[in-house]
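Notes follow the structure.
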Amino acid sequence: MKKNIFIDGEAGTTGLQVYEKLSKHPYVDIMPVDQSKRKDISYKKEMLVNSDVTFLCLPDRGSIETVQIADKLGEKSPIIIDASTAHRTNPNWSYGLPELGDNYRKSLENSKRIASPGCYSTGANVILKPLISQGILSQNIPIIINAVSGYSGGGKSMINYFKKTDHEPFFNYGLKLDHKHLPEIIYHNKLELIPIFSPSVGDFIQGMIVSIPLHFSWFNDKVDTAKIQNLIEEFYSGAEFIKVLKKDEGISDNGYFRPDNLVGTNYLDISVFGNDDNDQLIICARLDNLGKGASGAAIQCMNIALGFEETIGL
């Protein structure tokens, strides 16, 4: 039998992408939503009870309120996959990035509470986790995270802003150094120092690059570019959706590393750019901010939780 799916917030940027992907999934049926009743508690309770999986594509407050309703349902509660930031550092929830290790993947299996990761934090976490978990990089170094995203990451308001003729072509934001994705980056890597995170938005709708520059002197062992490349390749050797690119792979003929190569997919590329003469490297993660950074990751988690093949629908 097919699983019944309730998408709470299906009209939003992430919700639309979840709907589009699930409409092609062979093992699910998407439940129609009466938009006039969507905020009615009794109606929401009915939708939750009748669903096998509920995707929350809502602001944090809306997600928290819906989870409170679901928790009161006991055994009748569906699997909840929350795309907001509300539960990503909650130890009672599974974190939806199975590539971070066997413990993350096993936590998702048969889980009923799953927090889908943020797009920026997905990029940062897949860069940091192999280095920190192997003990080659300490948790108390001054990490700097630079990132650029397509404007769809800002939702409808930012999409509408970029339709204006006088919009900026590029801008940095989060300049109070308190971006909402920082807590999950710190939490899932047990970082002792708060990273400096500098996000930005460019004049393109989808795609993302997250970059972390590192000095060789920050590592606990003697390293070079090849050693870091091999370590990350080995860590993700069994990952369905993460590919560690070889030297110069994925770079244009002009020598450019662009952010939108993976739009429309659930894939993520990791590239290691190093200069052994300078004892420096930059590690980059490239992904679709609405794919592996949002809707694709959520559906990947659903597949794992339900015991489906991980790649179905993706």
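The values are calculated or read from the model by the stated rules, or taken from the named source; none is laboratory data. What you see is a predicted model, and the numbers here were worked out from it, not measured in a lab. No Cβ is skipped: glycine too gets one built from the backbone with ideal geometry, and neighbour counts run over all protein chains shown.
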Consider Val53 carefully, then state whether it is in contact (Cβ under 8 Å) with a residue 40 or more places away in the chain, among the aliphatic types (A, V, I, L, M) and within 24 Å of Gly150 (Cα to Cα). no
Which one of Ile251, Ile228, Ile270, Ile299 is free of Cβ contacts under 8 Å to residues at least 24 places away in the same chain and aliphatic (A, V, I, L, M)? Ile251
Filter the stretch 81-132 for residues that are touching a residue at least 24 places away in the same chain (Cβ under 8 Å) and of a type in the set (Ser, Thr, Tyr) and give the result. Ser84, Thr85, Thr89, Ser94, Tyr95, Ser111, Ser116, Tyr120, Ser121, Thr122
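Okay, residues lined up against (1) more than 17 Å from His87 (Cα to Cα); (2) part of a helix (DSSP H, G or I); (3) of a type outside the set (Gly, Ala, Ser):
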position: Gly123; (1), (2), (3): yes, yes, no
position: Val126; (1), (2), (3): yes, yes, yes
position: Leu131; (1), (2), (3): yes, yes, yes
position: Ser149; (1), (2), (3): yes, no, no
position: Ile159; (1), (2), (3): yes, yes, yes
position: Thr165; (1), (2), (3): yes, no, yes
position: Ile194; (1), (2), (3): yes, no, yes
position: Pro199; (1), (2), (3): yes, no, yes
Condition met for Ile41 (touching a helix residue (DSSP H, G or I) at 6+ places or on another chain (Cβ under 9 Å), buried (at least 20 other Cβ atoms within 10 Å of the Cβ), touching a residue at least 24 places away in the same chain (Cβ under 8 Å) and not polar (S, T, N, Q)): no
Has the stretch 271-284 got at least one residue that is in a helix (DSSP H, G or I) and modelled with pLDDT of 95 or more? no
Note on Gly293: of the conditions (1) in a helix (DSSP H, G or I); (2) free of Cβ contacts under 8 Å to residues at least 60 places away in the same chain; (3) buried (at least 22 other Cβ atoms within 10 Å of the Cβ), unmet is (2)
Can you find a residue that is surrounded by 15 or more Cβ atoms within 10 Å (Cβ to Cβ), assigned to a strand (DSSP E or B) and aliphatic (A, V, I, L, M) anywhere in the stretch 216-237? no
Search the stretch 18-33 for residues that are without any contact (Cβ under 8 Å) to a residue 40 or more places away in the chain and pair each with any residue that is aromatic (Phe, Trp, Tyr) when their beta-carbon atoms are under 6 Å apart and the residues are at least 6 apart or on different chains. Met31/Phe6
Going residue by residue through the stretch 96-110, is there one that turns out to be in contact with a helix residue (DSSP H, G or I) (Cβ under 8 Å, 6 or more places away or on another chain), modelled with pLDDT under 95 and either in a loop (DSSP other than H, G, I, E, B) or not assigned by TED's automatic domain parsing to the domain that holds Lys222 (or both)? yes
Sole residue being touching a residue at least 40 places away in the same chain (Cβ under 8 Å) and within 20 Å of Ala147 (Cα to Cα), chosen from Ala305, Ala285, Ala239: Ala285
Report yes if Gly207 is at positive phi and surrounded by 20 or more Cβ atoms within 10 Å (Cβ to Cβ), otherwise no. yes
With respect to Met1, determine if the residue is free of Cβ contacts under 8 Å to residues at least 24 places away in the same chain and of a type in the set (A, V, I, L, M). yes
